[in-house]
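Below is one structure, written out as C-alpha cells, with a few remarks after it.
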Amino acid sequence: MKRPGDIEERSIALFLLGLLLFSPLVMRIFDRGADVTVFGIPLLFAYVFLAWALVILILALVVERLRPDGDEPPEAGPPEAGPPENA
Amino acid sequence: MIAGWFLVATSLAYLSLLFAIAYWADRRADAGRSVIANPYIYALSIGVYATAWTFYGSVGRAASTGLGFLPVYIGPTLMFVLGWIVLLKMIRISKVHRITTIADFISSRYGKSHLLGGLVTIMAVIGMVPYIALQLKAVSTSFNVLLHYPHVTAEGPSGFAVIGDTALWVAILMAAFAILFGTRHIDATEHHEGMVAAIAFESVVKLIAFLSVGLFVTYGMFDGFGDLFSRAAEVPEMRELMTTAALDADWLALTFLSMTAIICLTRQFQVIVVENVHERHLIKAMWLLPLYLLLINIFVLPIAFGGLLRFPDGSVDADTFVLALPMAEQYPGLALFAFIGGLSAATGMVIVATVAISTMICNDLVMPGLLRFAWLHLSERRDLSGLLLNIRRGAIGLILLLGYLYFLLIGEAYALVAIGLVSFAAAAQWAPALIIGMYWKTASRRGALAGISAGFLIWTYTLLLPSFARSGYLPEGFIEFGPFGIELLKPYALFGLEGLNSISHSLFWSLLANVGLYVGVSLLDRQSTIERLQATLFVDVFRQGGADTATMYGTVSATDLRDVAERFLGREHTEEAFAEYARLRGRALDLNANADGDLVQFVERRLAGAIGAASARVMIGSTVKGEGVSVDAIMQILDETSQVLKYSRQLEQKSWELELATSELKAANKRLTELDHLKDDFLSTVTHELRTPLTSIRSFSEILHDTPDLDVAERQHFLSIVIRESERLTRLINQVLDLTKIETGRMDWQMSDVDVRDVINHAVTALKQLFDEKGIGLEVNLPADLPPVRGDRDQLIQLAINLLSNAEKFCPEGKGRVVVDLAPGNRFLTVSIADNGPGIPEDQQQLIFEKFHQVRGGNTGNPMGSGLGLAICRGIVEHLGGRIWVRSRPGHGATFYFTVPFAHS
C-alpha cells in the first residue's frame, strides 16, 4: 500500500533530526579534543561527517522507497492543464 | 616555472571544451535528444552551488575555524531534506506560471507587481555583483599563484604584461559563453540545454580536481588521515581547531543562511527550478546534491591541516592551499588540474548567475520601464524579440563589467568567504516572501514590499556599507564609532547588540525587520483581487488543474493576440505556439473571431516566459479591451467559499435528518415506555385479580384440611365457595386469554352473516335465570325485519352476554330494569342496552373500556368485576368494524351502545 503522505511526514522528521544532529549542543557531546580518534580522525570530525552521511542515506531511502511507481510525484496531475511546458 | 602562455593556453583549451560541450548539447536538444533530461545531470548542475568559494575558500575557512566551513553545506542538505515539501512546490508553481526568475516568482505571487519584481532585481544585481567579483578574484589569484611556480607565494598581480589583467579576460570569456548559450531563445522557460550540460560537466571536473588534491595531500604528503591528524594534533593552534571551541558563534546563523541560499540565490533558482526538465528528477537530486556536497568537502580539513603543517610560518594564504600544496611538492600537473577545477567552479557560477540576472534585468526592470514610455511606441513595433535578446546580452556584459569593477576596486580587501556570505545574506532577504508566500495566502504585496525593502536596507547598512568602509571608500570611523559618532548606530553592533559576528548580526536585524514587517503589514492589509487570486493559485497549486484563471476578460481578436505574441516571440515561435494551441484544443483556430479566455491566457503565459509575468500582463492588458477579471476567475475564488458553504449545507441537512430520526426515536421510546408501563400495570392488576380468588380458595381449603370434624353443612358451604372462586378464576384467566388474543390478533374469527336477533335471544336465554333471581325486569325490543350483520356469531354472543351481565350487576335488586333495543341505520345496526343502575360519572365514561378499569366509588366501594369485560367488548366491536360507547347520567342509569356493520354494505 502506497502512502505518499509519508514522504512529507518523514521529510519533516528527518529535517528535525538533522537540526538536532548538527546543533552545537549535540556536537559538543562529540567534542573530545584531538586525542580521542576514530581510525585516526578526531571524534568530532568523524561524527559530523558520519551524521551527514546518515542523513543523506535516510533521505535517499525515504524518497526512493516511498516514491510512487509512476512518473509523477503523488499529487501531480499533468504539469499544466492547458499547453505543456515545452514548445 | 609554468609558462604564462602555457597557462593561458590550457585555460583557453578548457573553456573551448566547455563551449564544445554546450554546443553539442544544444545540437542534441534541437534534434530532440536532450542530454540534460535525466536526474544525474540535473543534480550535477545544482552542484553549481559549489563555487570557487567552496573550492578555495572552504580550506581557508577551515584553516582558521576548523569545522566552521561546514554550515554552508549542512544548510543545503537540510533544505533538500525538505525538498519534497518546498522545492517540488516551487517547481510546480514555476512550471504552471512559466516563471523564469526568482524576481518573477515573487512578483507573480504578489499580484504580478512590477515594483516587487524591480526591487528584487535591483537587490540581485547589488547582492550578486560582489559574488561574481569574488569568482573573478579567485581565478585571478589562482592564476597568479600558479605563474610563480615553483615559488609558493601569496604575492598579488605579477608583471606579466601580455595577460595583463587575468580577471578581465576571464570576464570577457564568460560573458561570451553566457551570451552564446544563455540567450539563444527568447522564451526563457525553454531550457538552456548547452549551458546546463556544461555546468554539469564543470561540477564533475571540480569534484575530481578537489578529490585529487585531497587524496594527494592525505596519502601522498602524509600517511593517511591518522598520520595527518596526529601530526596536526601536536601543534597547539591546530589542536584548537579540532574542537567546537574553534567554531564561530554563528554556526546556527550560517546554517540557516545557507538553507535559504540554496533556493534564493539567483543561480540556484535558475538550475533547480527553471532548468528542471521533469519534476521526477527532483527525487534523485534530493539526495544526490547533498551527497555531492559531502564528497567535495571530505578533504577540506586534511588539505587545511596539511597546508598549515607544510607552511607553518603563515607565509601562504590558506585560501590558496589547494594550489600551493601540489606546487610545493613539485607536482605541476596536479597544480594545473587544481587550477582547472577552480576555474570550473568559478565559470559555472558566473555563467548561470549572469544568465539568471540578465533575464531578471530584462523582464523585471527594463521591459516594464520601456512599456511605460509611450513615446517609444513599443507596443506598436513589429518585432521585439531581437530587442529582448539584445537587452539580455547587454545585461550580461554589464553585470560582468560591474563584477570586474567591483573586483578591481574592493575585491582585494576581503577574504573570499566574507564576500560570499554578504551575497548570501542579501539573497536570504527574499526567503520569507518566497517560502512563506507559498503557504500563507494572507501575505500581501505591501507586506512583501515592506519586508524585503526593510531587510535590504538593513543588509546594506550592516554589511555592504561596512565593506566599503573596510576598503577605504568610507571613513573607517563609520564602523568603529558609528555614523557621525552615534554609538547606537554602529553597523556591526546596531542598537548595542555586541558580540556577534557581522553576518549573524546583520542576519538577525535584517530578518527581524523583514519577517516582522512582512507578517505585520500583511495582517493589517487588504489584498486586491489579483493578489488574492495569485495567492490562491500559488498556495493551492497542487489542488487546481494549474489553470491561471487571472485571465483578462474582454474582447480581442485572435489576430491581434497573434500580432502581440509575434512581436516578442518572433514569427516562427508564434506560429509554432498557435499551431500547438490549435492542436491541443483539437480544432483549427479562427483568427478573425474574438479570442476566448483560454487563448488570451495561453498567449499571456507564453509572453510571461519571454518578458516576465508582470510585463506580459501589461502587454496583454493594452491589447485586450475592457480588462477585467473573468467570471471564471471570480468563480475560482468563490469556489473555496462555495465548497465550504456546500459542506455546511450538507452538514445542516445531515443534522436535520439526525434530529428527525432522534425525535422519531424519542416518540418510539415514549410509546415503548408507555407500553412497558401498561404491561406492568396489566401484570400487577392481573396478579392482583388472580390473588383474590386464590386467597379465598386457599383459606377455605386450609380450614377444610385442618378441621376434619367440620359439620357437613358448613363443609358444603365452604366447598361451594371454593368452587365459585375457582370458576371466577377460570373466567378471569379465560378473559385474559381472550383479550390477549384479540389484542395480538391471534383470535380465530369465524366471520359470517349473523342475525343479531338470534344473538340477543341466545344471550338473553343464557342470562334469564340470573335476571330472574335478582328480580330484574328485562325488556327486549326486536324489530320484525332485520338484515344480517357481518361478524363472528360466538363473539357477538359473548359481547351481548358481557354487556347484559354488566347491566345486571349494577342494577338494584328487585327493582332493576334492563332494556335492549336494536336500531338499524344505513350501514350499521346500533344495539343499545340500558339499565337503571347508579350510572357512570362523566370522567369515567371513556376509561371503563380500558383494561382492569373498574368503576369504584359510588355507594358500592367494591369492584364488581374483573375489569376485563368491557375491554373485551371493545376489542370485539372494533375488530368487527364498529364502535362502542356509553351514555349515562349518574343516578339515572347507563346505556351502552355498540354498532355492527350490515352484511350487505
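Remarks
- Projected label distance in nm at B:Arg887 and B:Gln650, using a 7 Å step from Cα toward the beta-carbon: 6.4
- Percent of Cα-Cα distances greater than 56 Å, calculated over chain B: 44
- Inter-chain shielding of B:224-232 (mean C-beta neighbours from other protein chains, 10 Å cut-off): 4
- Average partner coverage of B:57-67, which counts Cβ from other chains inside 10 Å: 1
- The packing ranking of peptides A:50-56, B:648-654, B:603-609, highest mean first, is B:603-609, A:50-56, B:648-654, where packing means the average number of other beta carbon atoms within 10 angstrom of each residue.
- Compactness of region B:4-414, expressed as Rg and Dmax over alpha-carbon positions, Å: 21.6, 76
- Amide H contacts under 5 Å for B:Gly893: B:Gly837, B:Gly839, restricted to partners 5 or more places along the chain or on a different chain, H placed in the peptide plane at 1.01 Å from N.
- Ordering of B:328-337, B:301-310 by packing [mean C-beta count within 10 Å, highest first]: B:301-310, B:328-337
- What the protein assembly as shown shows is 43 Å² of accessible area per residue, with the surface traced by a 1.4 Å probe over protein heavy atoms.
- Dimensions in Å of the protein assembly as shown - Rg and Dmax from alpha carbons: 50.9, 163
- Surface share of carbon and sulfur [accessible, 1.4 angstrom probe, percent] for chain B: 60
- Relative contact order (%) - chain B, alpha-carbon pairs under 8 angstrom, separation at least six: 14
- Relative pair counts by distance (%), Cα atoms of region B:26-67, 5 Å bins: 6, 19, 13, 15, 12, 11, 8, 7, 5, 3, 0
- Peptide B:536-543, shielding by other chains (average Cβ, 10 Å cutoff): 1
- For region B:664-811, alpha-carbon Rg relative to the globular expectation (2.2 N^0.38 Å, N residues): 1.44
- Once A binds B, the 1.4 Å probe can no longer reach about 4700 Å² of accessible area, counting both sides.
- Between amide H atoms placed 1.01 Å from N, distances below 5 Å from A:Val38 occur with A:Leu43, all of them 5 or more places distant or on a separate chain.
- Percent of C-alpha pairs per 5 Å bin, region B:188-278, short to long: 3, 11, 11, 12, 13, 15, 13, 11, 7, 4, 1, 0
- Cβ-derived FRET efficiency at R0 56 Å, B:Ala667 paired with B:Ala713, nearest 0.05: 0.35
- Counted by Cβ distance under 10 Å from B:Glu779, the other residues give a net charge of 0, where Lys and Arg count +1 and Asp and Glu count -1.
- Listed peptides B:45-54, B:210-219, B:760-769 by packing density, highest first (mean Cβ within 10 Å): B:45-54, B:210-219, B:760-769
- P(r), alpha carbons of region B:745-895 - 10 Å bins starting at zero, rounded %: 11, 41, 37, 11, 0
- Solvent accessible area, Å² - B:Glu237, 1.4 Å probe, full protein context: 130
- Residue-by-residue Karplus 3J(HN,Hα) for region B:742-749, coefficients 6.51, -1.76, 1.60, Hz, glycine and proline x: 4, 5, 8, x, 9, 5, 8, 8
The values are calculated or read from the model by the stated rules, or taken from the named source; none is laboratory data. This structure is a prediction, so every number in the text was calculated from the model and none was measured. Every residue, glycine as well, gets a Cβ built from its backbone with ideal geometry; the counts of neighbours run over all protein chains shown. Side chains are part of the model used for accessible areas, which takes the heavy atoms of the whole protein and leaves out ligands, DNA and RNA. Shrake-Rupley method; radii C 1.70, N 1.55, O 1.52, S 1.80 Å.
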